[in-house]
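**Q** Quick one: this structure, given as structure tokens, is what I'll be asking you about.
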């Protein structure tokens, strides 16, 4: 599991290329914000988290299910990830930030992702 990266993942790079092509400039992995968001728009007070469907348990995706083997290990681990994500989002919203979560499976459909980003930025 040490080979699993938390930064510069393939879905994150896809999203960053798309944002740059749309003309948005951003900061990466701000250490002073709860949850260390993947992409930060400081002046707009907006953040984007890029979540892997398995690790963050995306309920609308086939990959977001708990493995059938070693359930006693995986279930608490993955549920704790979901709880931590919810706490970080709530804390950011309480501090006045707008939060967008982009799931790994959503990066496969660039057109739909572009529309979602434009809606998030109010265009």
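Where a number appears in this text, it was derived from the coordinates with a stated rule and is not lab data. Model, not experiment: these values are computed from the prediction. In this analysis, Cβ positions are derived from the backbone assuming ideal geometry, glycine residues included, and neighbour counts consider all displayed protein chains.
Conditions (1) within 24 Å of residue 18 (Cα to Cα); (2) in contact with a strand residue (DSSP E or B) (Cβ under 6 Å, 6 or more places away or on another chain), marked per residue:
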| residue | (1), (2) |
| --- | --- |
| 67 | no, no |
| 70 | no, no |
| 100 | yes, yes |
| 104 | yes, no |
| 107 | yes, no |
| 116 | yes, no |
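**Q** Taking region 14-48, which residues are under 13 Å from residue 121 (Cα atoms) and within 12 Å of the chain's Cα centre (by Cα)?
**A** 40, 47, 48
**Q** Scan 19, 15, 28 and give me the residue that is touching a strand residue (DSSP E or B) at 6+ places or on another chain (Cβ under 8 Å), over 19 Å from residue 119 (Cα atoms) and touching a residue at least 12 places away in the same chain (Cβ under 8 Å).
**A** Unique residue meeting the criteria: 28.
**Q** Can you tell me which residue among 36, 80, 84 is touching a residue at least 24 places away in the same chain (Cβ under 8 Å) and more than 24 Å from residue 109 (Cβ to Cβ)?
**A** 84 is the lone residue from the list that is touching a residue at least 24 places away in the same chain (Cβ under 8 Å) and more than 24 Å from residue 109 (Cβ to Cβ).
**Q** Tell me which strands (runs of 3 or more DSSP E) are completely within region 6-123 and hold 3 or more residues being surrounded by 16 or more Cβ atoms within 10 Å (Cβ to Cβ) and in contact with a helix residue (DSSP H, G or I) (Cβ under 9 Å, 6 or more places away or on another chain), or say none if there are none.
**A** On the way: elements: 39-41, 46-51, 98-103.
Qualifying strands (runs of 3 or more DSSP E): 46-51, 98-103.
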